[in-house]
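Inspection log for the structure reproduced underneath, given as structure tokens.
The values are calculated or read from the model by the stated rules, or taken from the named source; none is laboratory data. Here the structure is a predicted model, which means the values were calculated and not measured. Because the Cβ atoms are built from the backbone with ideal geometry, glycine has one as well, and the counts that use them run over all protein chains shown.
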Amino acid sequence: MPNLKETLEGARDEALEALAELTSEDEVEALRIRMLGRKGIVPAAMKEMGSLSAEERPEVGKVANIVKNQLQDALQAKLHELQAASRTVAVTGLDVTLPGRRRRIGLKHPISRVMDECVEIFRRQGFIAADGPDIENEYRNFDALNTPADHPARDLQDTFYFPDGRLLRTHTSPVQIRVMESQSPPVRIVAPGRCYRRDTPDPSHVPNFHQIEGLYVAENVSLAELKGTLYNFAHEMFGKDVKTRFRPHFFPFTEPSIEFDISCVKCGGTGDAENGRCPLCKSSGWLEVAGAGMVDPAVFEAVGYDTEKYTGFAFGMGIERLAALHYAITDIRLLYENNVRFLEQF
């Protein structure tokens, strides 16, 4: 009996020592077959138990089972270790001792940043954001806004029409109509969103652009309140040093109508940049920011507002233009080219 026990324990110790040096799954499998296979050392030793006495057989059998289990556990652990190492090399192909790589976190697009900033500025003045569909009908996009049937904006070369007569909205003003149709005064909203026009892309025009428009309707609303609203916006967006001016203009849906300008953010209103002529304001010293005016009574009549009781003002500005002015960009097409080196500046 001592010889059989010593044979089993010696074979185990020898196998465990050899196992620590193995470097491949094939080598581990070869050791398993040599030790535990059908003709392996452990099964062969167990076959000799038949020559033992009835008293010796249980003790030797216990030792044999312990040796077998220890070998199986050690072989399985070694196999898992080699497989894990193989997967790490196959998947990463990297030295695991190297420091980890930082993931690049995306940032907001400059158009989204400027739009969000505009909404926040007007929200601090009491406006709330409103939204509407990109696909509109002619009534809300033109008729309810007092746009004549022969107005150039209605032409096919200016507006994207669908076969059923609907269209892609050319401004976010239809949102104002939708809000007034569903809500009695007072109304104080801004409508940021995407617009579409058949414009040929150039440094200041793209066919798919963004606007933010505002509307305030209540009793005794005055042009002075409109000027104060835009004046405050300009100072919050472009800084306290920016100068402002208002010029008379014409829009079908406002009367009187004005255009709102600020002093050039690149040349400071002088018209001269570092190399002479300012490319942003074309040496005029001024930049157009918004169109605005007092809401025409015809618009109030279209939505059922009492024109004797209520007055209001409206304004609209292009987000791409604001972004170009805010960041001194001379070509708004850069905002749509998805050039990472350009976008990373913002």
task: Please indicate, with yes or no, whether at least one residue in the range 77-93 is more than 30 Å from Val190 (Cα to Cα), in contact with a Leu (Cβ under 6 Å, 6 or more places away or on another chain) and either surrounded by 11 or more Cβ atoms within 10 Å (Cβ to Cβ) or at pLDDT 75 or above (or both).
output: yes
- request: Give the residue that is modelled with the lowest pLDDT, with candidates limited to residues of the range 94-111 that are touching a helix residue (DSSP H, G or I) at 6+ places or on another chain (Cβ under 9 Å) and under 30 Å from Glu320 (Cβ atoms).
  value: Leu107
- line: Arg198 meets each of (1) basic (Lys, Arg); (2) more than 25 Å from Arg140 (Cα to Cα); (3) under 36 Å from the mean Cα position of the chain (by Cα) with one exception, condition (2)
task: Just give me the residues in the range 161-205 being of a type in the set (S, T, N, Q) and under 18 Å from Ala144 (Cα atoms), in sequence order.
output: Thr170, Thr172, Ser173, Gln176, Ser182, Gln183, Ser184
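Only residues that are basic (Lys, Arg), in contact with a Leu (Cβ under 9 Å, 6 or more places away or on another chain) and free of Cβ contacts under 8 Å to residues at least 24 places away in the same chain: list them for the range 1-44, please.
Listed by number, the list is empty, since nothing qualifies.
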task: Considering every residue within the range 200-213, establish whether at least one is hydrophobic (A, V, I, L, M, F, W, C), in contact (Cβ under 8 Å) with a residue 40 or more places away in the chain, farther than 30 Å from Glu308 by Cα and surrounded by 15 or more Cβ atoms within 10 Å (Cβ to Cβ).
output: yes
message: With the requirement that a residue be assigned to a strand (DSSP E or B) and touching a residue at least 40 places away in the same chain (Cβ under 8 Å), what does the range 236-252 give you?
response: Arg245, His249, Phe251
query: So which residues in the range 117-134 are of a type in the set (Val, Ile, Thr) and surrounded by 14 or more Cβ atoms within 10 Å (Cβ to Cβ)?
result: Val119, Ile121
- request: Select from the range 159-174 the residues that are assigned to a strand (DSSP E or B) and touching a residue at least 24 places away in the same chain (Cβ under 8 Å) and write down the one among them that is farthest from Pro207 (Cα to Cα).
  value: Leu167
query: Can you name the residue in the range 119-158 that is among the acidic types (Asp, Glu), within 27 Å of the chain's Cα centre (by Cα) and part of a loop (DSSP other than H, G, I, E, B) and is also farthest from Met294 (Cα to Cα) among such residues?
result: Asp134
query: Where in the range 253-346 are there helices (runs of 4 or more DSSP H), lying wholly inside it, with at least 3 residues that are surrounded by 21 or more Cβ atoms within 10 Å (Cβ to Cβ) and modelled with pLDDT of 85 or more?
result: 319-327
query: Could you list, in sequence order, the residues of the range 307-346 that are hydroxyl-bearing (Ser, Thr, Tyr) and in contact (Cβ under 8 Å) with a residue 40 or more places away in the chain?
result: Tyr310, Thr311, Tyr327, Thr330, Tyr336
